[in-house]
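A.B. asks: Handing you this structure, nothing more for now.
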Amino acid sequence: MEISKNSVDKAGKQLRQERSNETALDILAAWRNKHVYALRIAFNLLKRHTDKVEKNATYGQRLKRVNSILHKLERFSTMKLSKLQDIGGCRVILSNYNKLISLNTRLEKSKSISLVKNYITAPKDDGYRGIHLIYSCGSRDTTYAGLKIEFQLRTKLQHAWATAVEIIDSFEGQNLKLGKGSKKWQRFFYLVADEFASFEQLPLHDNTIKDRLSEIKQLCEDLNVVDKLRGYPLVTQRASDNKNHDKYLKDANFFILALMTKQAHIQIRSFKEPGEAQDFYIEQEKMYINNPSVNILMVKMDSIKQIKKSYPNYFADSKVFLEALVQILEK
């Protein structure tokens, strides 16, 4: 489907009023699908630079979920859908801050990087840390020229924090990523983010708090954090209508994940062709668009093992976060 930016922006306005508008959702999906090419070019650039810094970094590539796009349009009422800069996204997790900064320095020198947001020197109000950059596709083909892809750079510990937030959002219905949820959960993650920053000798968001450790311990007890994070069991099931799915899976690198939090269950469907994956993605999103207990995500990866490393929240895997939290609780 060939679409104009004007029709994309009209669809965005319609979806603000009616989330399940079928025609508008199809236009959004077609616009999102255009980003697959730019995402591939952006990822190649990111990996080329990252390999110079850390060979065993963890990567992720994804097309933004419809619900996430709609939340953003609802939060920023004047924003145009065609102007969103993170419909396609690449993520890289590095072992430590020095390597992250080294990679960031390399990327900033690229002519295709137009915007940098450093949430490490200036953390978000909720405690989130990482560096975000915007890649602008320089293709000669006007179909793709200028499409934006977001890069997210995080350390392993920063990624563990963000993962735990997403797990609590999914299983406790908190919406902390959107600035919502209970004050206790907000306060817990805010304080833990500063404690994690101190582990990495990075700037604190608030160095005036005198009893951060004791407050974290009390909130941890009040919210039953450790038991909850340890107690979200998930069973990975490969869901497919294809009789030769296991063979098909080996050759595939597009995956659709469906996390069903009420059933503590994840389904994974694999595809070799991006077009088939994109069609199935929007079909599933339409089906569950008004069901907050089901999260759908499309990623481009080489294996399920890689998905688990890059998107552990979909498997309720908070192991790294819990290990660091236990260190705090034992102080």
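A.B. asks: So for segment 161-231, if I pair up every lysine 8 or more residues apart or on another chain, how many of those pairs have alpha-carbons under 20 Å apart?
C.D. replies: 9
A.B. asks: Roughly how far apart, in whole Å, are the Cα centres of segment 4-62 and segment 110-175?
C.D. replies: First find each Cα centre; the distance between them is then 13 Å.
A.B. asks: A further question on this structure: List the lysines whose Cα sits under 23 Å from the Cα of Lys10, skipping any in the same chain fewer than 8 residues away.
C.D. replies: Once the sequence-local lysines are set aside, what remains near Lys10 is Lys34, Lys64, Lys72, Lys80, Lys83, Lys148, Lys286.
A.B. asks: HN-Hα J couplings of segment 82-87 from phi, Karplus 6.51/-1.76/1.60, θ = phi - 60°, integer Hz, Gly and Pro as x?
C.D. replies: The phi angles translate into 5, 9, 4, 9, 10, 5 Hz.
A.B. asks: Sorted from fewest to most neighbouring beta carbons within 10 Å, what does the list Phe271, Phe280 look like? Intermediate results must be reported in sequence, preceding the final value.
C.D. replies: Values: Phe271 24, Phe280 16.
In increasing order of surrounding Cβ atoms, one gets Phe280, Phe271.
A.B. asks: Could you tell me the calculated FRET efficiency between Asp211 and Asn98, based on Cβ-Cβ distance and R0 = 35 angstrom, to the nearest 0.05?
C.D. replies: Numbers: r = 31 Å, r/R0 = 0.88.
After rounding to 0.05, the efficiency reads 0.70.
A.B. asks: Can you tell me, using C-alpha contacts under 8 Å and at least 6 residues apart, the relative contact order of segment 119-199 as a whole percent?
C.D. replies: This gives 28 percent for segment 119-199.
A.B. asks: Sort Met260, Met298 by Cβ crowding within 10 Å, fewest neighbours at the top. Walk me through the numbers before you get to the answer.
C.D. replies: On the way: Met260 17, Met298 25.
In increasing order of surrounding Cβ atoms, one gets Met260, Met298.
A.B. asks: What does the charge count around Trp185 come to, taking other residues whose C-beta lies under 13 Å from its C-beta (Lys +1, Arg +1, Asp -1, Glu -1)? Could the numbers behind the result be given before it?
C.D. replies: Working: positive: Lys177, Lys180, Lys183, Lys184, Arg187, Lys228; negative: Asp126, Glu166, Asp169, Glu172, Asp222.
Counting the neighbours of Trp185, the net charge comes to +1.
A.B. asks: Treat each spin label as a single point 7 Å out from the Cα along the C-beta direction, and report the Arg140 to His71 distance in nm.
C.D. replies: 4.1
A.B. asks: If each residue's Cβ is checked for other Cβ atoms within 10 Å, how do His71, His49, His35 rank with the fewest at the top? Could you put the intermediate results ahead of the total?
C.D. replies: Numbers: His71 14, His49 19, His35 22.
With the sparsest Cβ surroundings first, the list reads His71, His49, His35.
A.B. asks: If you don't mind, another one. Suppose the chain between Asp227 and Arg40 were pulled fully straight at 0.36 nm per residue; how much longer would it get relative to their current alpha carbon spacing? Can you show the working numbers first?
C.D. replies: Working: separation 187, 0.36 × 187 = 67.32 nm, distance 3.95 nm.
Here the answer is 63.4 nm.
A.B. asks: Could I have the simple spin-label model distance between Phe199 and Asp126, label points 7 Å from Cα toward Cβ, reported in nm to one decimal?
C.D. replies: Taking the simple label geometry, Phe199 and Asp126 are separated by 2.0 nm.
A.B. asks: Moving on to the next point. Mean-square fluctuation check for the chain, GNM, Cα pairs under 10 Å: which of Lys210, Lys13, Lys148 is largest?
C.D. replies: Lys210
A.B. asks: Taking 7 Å along the Cα-to-C-beta vector as the label spot, tell me the Gln327-Lys180 distance in nanometres, rounded to one decimal.
C.D. replies: 3.4
A.B. asks: Mean separation of Cα pairs under 8 Å and 6+ residues apart, divided by the residue count of the chain: what relative contact order is that in percent? Spell out each step's value before the answer.
C.D. replies: Values: 509 pairs, mean separation 58.7, N = 331.
It rounds to 18 percent for the chain.
A.B. asks: Gaussian network model of the chain, Cα springs within a sub-10 Å range: biggest mean-square fluctuation belongs to which of Thr50, Thr155, Thr78?
C.D. replies: Its mean-square fluctuation being the largest, the pick is Thr78.
Only the coordinates and a few stated rules stand behind these numbers; no lab work does. Bear in mind that the values here come from a model prediction, so they are computed numbers and not experimental data. Glycine gets a Cβ as well: all are built from the backbone with ideal geometry, and neighbour counts include every protein chain shown.
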